[in-house]
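The values are calculated or read from the model by the stated rules, or taken from the named source; none is laboratory data. All figures in this text were calculated on a predicted structure; none of them were measured in a lab. Reconstructed Cβ throughout: ideal geometry from the backbone, glycine too, with neighbour counts over all protein chains shown. Surface accessibility is based on the protein's heavy atoms, side chains included, excluding ligands, DNA and RNA. Shrake-Rupley method; radii C 1.70, N 1.55, O 1.52, S 1.80 Å.
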There are 2 protein chains.
Amino acid sequence: MVRTTRQRTAVAAIFDDLEGFHSAQEVHARLRAAGDSVGLSTVYRAVQALAEDGELDSIRTDAGEALYRRCSTRHHHHLVCRSCGRTVEVAGPAVERWADRTAEEHGFADVSHTLEIFGTCAECRAAGATVGPDGIVP
Amino acid sequence: MVRTTRQRTAVAAIFDDLEGFHSAQEVHARLRAAGDSVGLSTVYRAVQALAEDGELDSIRTDAGEALYRRCSTRHHHHLVCRSCGRTVEVAGPAVERWADRTAEEHGFADVSHTLEIFGTCAECRAAGATVGPDGIVP
DNA sequence: CCCGCATATGAGAACCGTTGTCGAACGAGG
DNA sequence: CCTCGTTCGACAACGGTTCTCATATGCGGG
């Protein structure tokens, strides 16, 4: 049986006030900062439980860190600046349809997908960030 | 300057004999088993270098482990079975164009993207893998 | 309203993939 | 060959995540 505890409620509440993706560690820090301290293990358990219940969406960074966010009803993706990290939410219904259709054509069901777009934003280019051909910032 | 050493050659060679995605640790174990021992750090460095040179493709599992495989020259994405890990390469020129155009509309340059599609393949469904709404296999 | 007990918590350790360190080995151009 | 900068590799360190286990606490039944 699943219990509704102070801690679980607190973790869920954090995501109500937050846009975008956040790590378990960040949630833990925010709770601690708010004086509503919750153990780190508990935060991990809570975000995992929420993700399993479909209340949170999760992605993994290149560094292998898991990030979560409130699952918005509208599905969208992220356009991320490699240099300053600024994020723009973009929606692409065509991409969704393409992904679902492609998967079904190969006999796959329960289809989901992850899509992230990376680039250098106008401001960072203007600021003279020299970027190599591989997008590596020296 | 980049040197061609026994170790780098050995790592690259491993991927010639292998289909699909494999972890650095697995490569290390295979080399060791073949008697052609290479240090673990070296394997990590080698796969990273190969990935940067575009010779290997990399993805990250849900568990945060990095997997690599020989990359075909054509840009493509992966359709991965959540249950058995089988991968299918899929190409979607429309998606590429959409991603580039969307990024440019927001003033981003040097655009790249990552896209992975997950689902349950026909065989795994037939094998009776009961899959929850979130794709969690019990 | 209270009990019993299964479930949840939390501090810390363990875990595991990955990355850093540094002296030794080695490849390539001279 | 020789020299020198690159690479190797054993090992330690790191960071995110998961496990452990004693303790605390919802919650349904009495």
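Observations
- Residue that is farthest from the chain's Cα centre (by Cα), among those in the range A:1-19 that are surrounded by 11 or more Cβ atoms within 10 Å (Cβ to Cβ) and not in a helix (DSSP H, G or I): A:THR5
- Any strands (runs of 3 or more DSSP E) falling wholly within the range B:34-124 and containing at least 3 residues that are more than 8 Å from chain A (Cβ to nearest Cβ): B:56-60, B:66-70, B:77-81
- When each of A:ASP53, A:ASP62 is tested for being within 26 Å of A:CYS121 (Cβ to Cβ) and without any contact (Cβ under 8 Å) to a residue 24 or more places away in the chain, the lone residue that passes is A:ASP62.
- Every residue from the range B:63-121 that is farther than 19 Å from B:HIS22 by Cα and among the small types (Gly, Ala, Ser): B:ALA91, B:GLY92, B:ALA94, B:ALA99, B:ALA103, B:GLY107, B:ALA109, B:SER112, B:GLY119
- Within the range A:107-128, the residues that satisfy the criterion of being of a type outside the set (A, V, I, L, M, F, W, C) and open to solvent by 80 Å² or more (accessible area, probe 1.4 Å) are A:GLU123, A:ARG125.
- First in the range B:1-19 and away from every other protein chain (no Cβ under 14 Å), second anywhere and within 13 Å of DNA strand D (Cβ to nearest atom) and among the hydroxyl-bearing types (Ser, Thr, Tyr), Cβ under 6 Å, 6 or more apart: B:GLN7/B:THR42
- Flag for A:SER23 being open to solvent by less than 20 Å² (accessible area, probe 1.4 Å), within 11 Å of DNA strand D (Cβ to nearest atom), outside the structural domain of A:ALA122 (by TED's automatic domain parsing) and not aliphatic (A, V, I, L, M): yes
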